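Asks: Dropping a structure here in structure tokens format, bear with me for questions.
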Amino acid sequence: KRVGSATSLSSAVINNRLQELVKLFKERTERVKEKLTDLDITSDDESPEASPAKLAPAAAPVPPPGGEPEGDKPVGDEHYCEMLCCTFKYQPWLDRVKNYQFPSSIDPLTNLMYVLWLFFVVVAWNWNCWLIPVRWAFPYQTPSNIYCWLLMDYLCDLVYLLDILVFQTRLQFVQGGDVITDKKAMRENYLRSQRFKMDMACLLPLDFFYFKVGVNPLLRFPRCLKYMAFFEFNNRLESVPSNAYRREGGREGGSMGVIRTTAYLLYSLHVNSCLYYWASDYEGLGSTTWVYDGEGNSYIRCYYWAVKTLITIGGLPDPKTLFEIVFQLLNYFTGVFAFSIMIGQMRDVVGAATAGQTYYRSCMDNTIKYMNFYKIPKTVQNRVKMWYEYTWHSQGMLDESELLVQLPDKMRMDLAISVNYNIVSKVALFQGCDRQMVFDMLKRLRSVVYLPNDYVCKKGEIGREMYIIQAGQVQVLGGPDGKTVLVTLKAGSVFGEISLLAAGGGNRRTANVIAHGFANLFILDKKDLNEILVHYPESQKLLCKKAKKMLKNNNKPKDEKGAPGDPLIIPPKADTPKLFRAALAITGRMGRKGPLAQLQQRLKELKAMQATQQADIPMMRSGAVKLLKTPAWLCTVQTPWFGVVDKGLLRLILPCLIPPKSPVHRRSPVISHKASTDLGKEIFSKSSDSLVTVRVIPMAQEDEEILAAEISEKEEEKKEE
């Protein structure tokens, strides 16, 4: 008993545990299905492997029953596991930092850590580009702060060195269509690149000349050659945020383009201000009216002069010496050239940023010209304009297919799955079909925008499309006037799916469907679906079967709930209870003895008698009709069935001899004319031998009477003999 109880207890525990695991796996499967983008890459059976460090605590010995875990701290506080049987917990951030391992290869296109590192490299590069000219021209570098300048210089050099040794040698690259992640191959690829040569040139150790000529900032000018990191950072930064920039016709635009163009302009003015101060110092501060007079903030005043010179707004003092004239001429030429470049850059930025708006405006103008040429009514023109405005502001484009046609087939599939799969997978018609067939169907969906009160489909027209509501609402109208709102369908609903597989060119719509406000719908044509089903015969059979079933359910008439049925004249006979029938069967096996055997024999006789009476009903009716045609002075007639019967009683029996039209008799709406009888007075008649008695018993209601036939015991005894 102990062994059996222990076994049953363990089996119960195992069953409970298995049920919990099944529930957890089902939840995990649902989450994976929602995030599913590609079956070729992602599989529902795949699960992340837990690291050995996290699995180690799970293998710890279990304390004995009733015992306490070792140590004062509970085991649950030190337990970190990714298995479904354990509680999800996360290690402290300090442990994560300690256990962090630097990646052996870095993807320069998608790795955000590399973009962050490029930010520090660009900061170091900007330090050198902006402050080397300032320290060379302006008297901001003095013996008292020289060590601070040198400290910042060498920190920037350290960033350059780490970028060369750690990051650039780990960057992945593509060769022959394959992504190369081998350490040796990545290092050799960097050493052969042009960037390595520029990085080595920017770290030329010219600082050793400090011991001979002093700390001259111009010796650090090669540090500005690391410009390739600046442009790479811009490209990576533009690809991180959404709608960061747009490229059309090879021109860059967007917010990043504006910032970069503005930075170019400010840096050119910065360099010009440094050159102006150097020229003023070369000529002598305040020596002429053209040079800087040495008053106020030197950098601000020189920057102001550089702005006036490069933009050529005039109002500058005339140069006096030959050096001043040559310098001013070079400034003017450079200013005109730089200013024209900046204007062209800004024009490209604005043009690229408004290219879509320009395309939208040109399409609308051409459409308006077309409608005016053919004298389209104003109401139609206003609705066309409304469609253009809503479609452009809601989607940012007039036709989504123009965007998708530029992408390869695989990317179009990924986009279609991300946008439409969750909606289409819930359609009952497509559940159970080949998933690849559903994916192919998603690519054929096209987006259509309907204006308020636009008819999506009308009653009576042939349905050849299925509709999926992406945004907005539609109303199904019906009723006698066709304007009663039967139901309102919201985003995610599907209608018209049965018409895709209906035979005979499509079934007719049974109701009007209009857009309630602006509605964005996805449409799947019947022609596109047929082209897809050619390659999926099993799915085609399943869809046809489902469509027939759905059509049968839709065409099946529905009775009103709670509607009173027609009253039954003869209620259906109740079936013999199963237990009673079993008892009769057992009695038959034991022999023809006992009350049950007699009762069974009696039931058989009654059934035979009922069959005989049913066969004699037509003959009895014809005979009764003939007897009623006898002379009127005869009050009674002789019948072969009941003996001498009164004519009034025979008239009452005659309607009951009508053969039934169906197994269930329902009351006729026409009231039958019967002989009037007093309420509560019973009419009966006996046969000549007094063996059969027929009774007519009136009921409380006028149209209801009970007809009963009784057989005496003598007749039963004769039959038994």
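The values are calculated or read from the model by the stated rules, or taken from the named source; none is laboratory data. Just so we're clear, the structure is a prediction, and the values are computed from it rather than from any experiment. All Cβ positions, glycine included, derive from the backbone under ideal geometry; neighbour counts span all protein chains shown. SASA here: full protein model, heavy atoms, side chains in, ligands and nucleic acids out. Shrake-Rupley method; radii C 1.70, N 1.55, O 1.52, S 1.80 Å.
Asks: Within 10 Å of each candidate Cβ there may be at most 14 other Cβ atoms; applying that plus a DSSP loop requirement, which GluC sites (Glu not before Pro) in the stretch 367-474 survive?
Replies: GLU461
Asks: Write out the trypsin sites (Lys or Arg not before Pro) in the stretch 112-203 meeting two conditions: DSSP loop, and at most 12 other Cβ atoms within 10 Å of their Cβ.
Replies: ARG192
Asks: Quick check: at a probe of 1.4 Å, how many percent of the accessible area of the stretch 407-555 sits on carbon and sulfur atoms?
Replies: Roughly 52 percent, rounded to a whole number.
Asks: A further question on this structure: May I have the extent of the alpha carbons of the stretch 388-444 along their three principal axes, as whole Å values ordered from largest to smallest?
Replies: Computed over the Cα atoms, the extents are 40, 25, 14 Å.
Asks: Radius of gyration and Dmax for the stretch 320-423's Cα atoms, expressed in Å?
Replies: Reported Rg and Dmax, both Å: 24.9, 79.
Asks: Taking Cα atoms of the stretch 407-555, Rg/Rh with Kirkwood Rh, to two decimals?
Replies: 0.97
Asks: Okay, moving on. Restricting to DSSP loop positions (anything but H, G, I, E, B) with no more than 13 other Cβ atoms inside 10 Å of their own Cβ, which GluC sites (Glu not before Pro) remain in the stretch 479-542?
Replies: Within the stretch 479-542, no GluC sites (Glu not before Pro) qualify (loop, at most 13 other Cβ atoms within 10 Å).
Asks: Another question, then. Please quote Rg/Rh for the stretch 112-245 to two decimal places, taking the Kirkwood radius as Rh and restricting both calculations to Cα atoms.
Replies: Ratio value, two decimals: 1.04.
Asks: Just to confirm, what accessible area per residue do you get for the stretch 112-245 at 1.4 Å probe, in whole Å²?
Replies: Spelled out: the 1.4 Å probe surface of the stretch 112-245, per residue, equals 57 Å².
Asks: Now, a different point. Going from most exposed to least, what order do THR110, THR367, THR309, THR262 have by accessible area with a 1.4 Å probe?
Replies: Ranked from most to least accessible, the order is THR110, THR262, THR367, THR309.
Asks: Quick one: Cα convex hull volume of the stretch 129-200, Å³ per residue?
Replies: Per-residue hull volume (Cα only) is 101 Å³.
Asks: Also, quick follow-up: Once each part is reduced to its C-alpha centroid, what is the distance from the stretch 169-233 to the stretch 357-384 in angstrom?
Replies: Their Cα centres are 57 Å away from one another.
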